[in-house]
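Step one of this worksheet: look at the structure below.
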Protein chains: 2
Amino acid sequence: MSADPAGSTSARRGSAAAPPGSRSAQKQLTRERLLNAALNLMETGRGFSSLSLREVTREAGVVPAAFYRHFSDLDELGLALVEACGVTLRRLLRDARRQGLPPTQILRSSVLIYKNYVKENHRYFRFAASARGGGSPRIRKAIRIEESHFANEMAQDMRDMNLMPKLPMDALELICGLVVTTMMNAATDILDLPEDQPQAEKELTENFVMQLRLIFLGARSWKQPG
Amino acid sequence: MSADPAGSTSARRGSAAAPPGSRSAQKQLTRERLLNAALNLMETGRGFSSLSLREVTREAGVVPAAFYRHFSDLDELGLALVEACGVTLRRLLRDARRQGLPPTQILRSSVLIYKNYVKENHRYFRFAASARGGGSPRIRKAIRIEESHFANEMAQDMRDMNLMPKLPMDALELICGLVVTTMMNAATDILDLPEDQPQAEKELTENFVMQLRLIFLGARSWKQPG
DNA sequence: CATTATAGTGAACACTTGTTTACTCAATAT
DNA sequence: ATATTGAGTAAACAAGTGTTCACTATAATG
């Protein structure tokens, strides 16, 4: 399933043209192969911290020693994955910004969009969910930082779009922080949904919508403490 | 640090009286030693899924093969830990029920109590945080179930104490579900607090209080959908 | 074209891992 | 008092682990 079925090794040197920096481009290519290998190994539900270096290189079609040309550690690879997750999350925000929010049923449609997004990028969310609490302290902290960046960006967007215009910025950040943890938690649930059970999916979605509604209901009657 | 410093092995056979079922009592004692060993190994911040069977037995002061007298698997040990976490959580609720809530500043004092509780039982919360997203699918599901039990019990308590009397039960469950995930998330943050940084702790606490206030503010203006 | 830098190889290393086997020997049951 | 049971032991196993080293071959540099 992983070894090296006659093709992947030869593919390491691009058969067609390798236009710009063929040399460093190839390096980054195997780097991505390593990252993808780790993500693939987690697709069965295993957590990141249970992966071994050799497994990852095997899955990537590369000899163990080659790993050290890219990362000094599995931890370092994990940090790279955290960054990739950050990019993925920011893309979600950017898309939402671009297409604007539908006038009615904002919450429900946002949830549906998010649900699809999680499913499309399930590998990244799976990693984030697994390493958020289970990874090494360094990775945990990195994820925490990425999440708060995301929350702050979201707050800024709400300010820009003139949603909840009467609330000060720190209140918006509070709200978005809560929304983000709720989103991440929902992502874990979405990922573990049994495929043959559409009823469970409906319930989960409904619950998620109502949790968000609850939060924004609170936001409407929020007033500065003190 | 772990081996067997001349005392623990001999302690296996109770030096004093072993009153009731001395045999099965001894068995349960080593069983608890195994559970504690796993918890101890996680105290440095490592996730449960990175533990090995041999490490656990070593830390417990027991030979590897002895493990199988108690669990068939590390997974099974994990499930036992999940149950222990459930007991811990239920004790929190029971204490809260018993002493009743202080009339004013309910939220803030509850948060302080919770914060202390997390610190006192940090080993269980550490495990829960690490296995919630990172463990095997079985363990994840078990934790999810335990959490929802906890949320439902909390909702029932609120009903009994006549808090938010106008809300139907399913709304209470929704609210408590959100509160529980917020609590678990806060627990992770509390556990990773740097000890020499009282300022960060204050901020975290404040943020936690305000998140809960936001939720209950939403609850006050909640009305049944449809 | 000749030189150099380096991404990836292959083999070896010293360990650790999970699991099985035959065993001991004390608490129970007869 | 004797037989049985079963919790914990000791040793061995095949397999997997992280890391190192000298190496090859090719893209980049002069």
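The values are calculated or read from the model by the stated rules, or taken from the named source; none is laboratory data. Model, not experiment: these values are computed from the prediction. Cβ: placed from backbone, ideal geometry, glycine included. Neighbour counts: every protein chain shown. To get the accessible areas, we keep the full protein, side chains included, count just its heavy atoms, and leave off ligands, DNA and RNA. Shrake-Rupley method; radii C 1.70, N 1.55, O 1.52, S 1.80 Å.
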* **Zero-based 10 Å bins, Cα pair distances in the range B:54-151, whole percents** => 14, 37, 30, 14, 5, 1
* To do: Grab the eigenvalues of the alpha-carbon gyration tensor for the range B:36-92, scale each by 5, take roots, and send me the semi-axes largest first in whole angstrom.
  => 20, 14, 10
* Coil-residue GluC sites (Glu not before Pro) of the range B:20-92, DSSP, other Cβ within 10 Å capped at 15 -> B:Glu43
* Structure fact -> Excluding ligands, DNA and RNA, the carbon-plus-sulfur percentage of the accessible area of chain A with a 1.4 Å probe reads 55 percent
* Heavy-atom accessible surface, probe 1.4 Å, ligands and DNA/RNA ignored: which residues of the range A:137-156 lose at least 40 Å² versus the isolated chain? -> A:Arg140, A:Arg144
* Thinking of the range A:141-199 as a set of Cα atoms, what percent of all their pairs are more than 17 Å apart? -> 49 percent
* Would you mind computing, in nm to one decimal, how far apart the modelled labels at B:Arg138 and A:Arg31 are, each placed 7 Å from Cα along Cα→Cβ? => 4.0 nm
* Expressed as a whole number of Å, what is the distance separating the alpha-carbon centroids of the range B:136-172 and the range A:106-182? -> 24 Å
* Could you rank the peptides A:212-220, B:188-196, A:194-202 by their average count of other C-beta atoms within 10 Å per residue, with the highest value first? => A:212-220, B:188-196, A:194-202
* Taking the simple approach of a point 7 Å from Cα along Cα-to-Cβ for both B:Ile106 and B:Lys119, what is their distance in nm? -> 2.6 nm
* Mean projection of the alpha-carbon convex hull of the protein assembly as shown over all orientations, in nm²? -> 28.0 nm²
* Mind jotting down a quarter of the surface of the convex hull over the alpha carbons of chain A, in square nanometres, one decimal? => 15.8 nm²
* To do: Could you give the DSSP H helices of chain B that reach 20 angstrom or more along their long axis (alpha carbon positions) and whose average Kyte-Doolittle hydropathy is no lower than -1.0?
  => B:22-42, B:74-99, B:106-120, B:169-191, B:198-220
* Asked: From the cross-link list B:Lys119/B:Lys141; B:Lys115/B:Lys141; A:Lys119/B:Lys223; A:Lys115/B:Lys115; A:Lys115/B:Lys223; A:Lys119/B:Lys141, which pairs have alpha carbons spaced over 28 Å apart?
  -> A:Lys119/B:Lys223; A:Lys115/B:Lys115
* Asked: What value, in deg cm²/dmol to 500, does the helix sum -39500 (n - 2.57) over DSSP H runs of n ≥ 4 give at 222 nm once divided by the residues of the protein assembly as shown?
  -> -23000 deg cm²/dmol
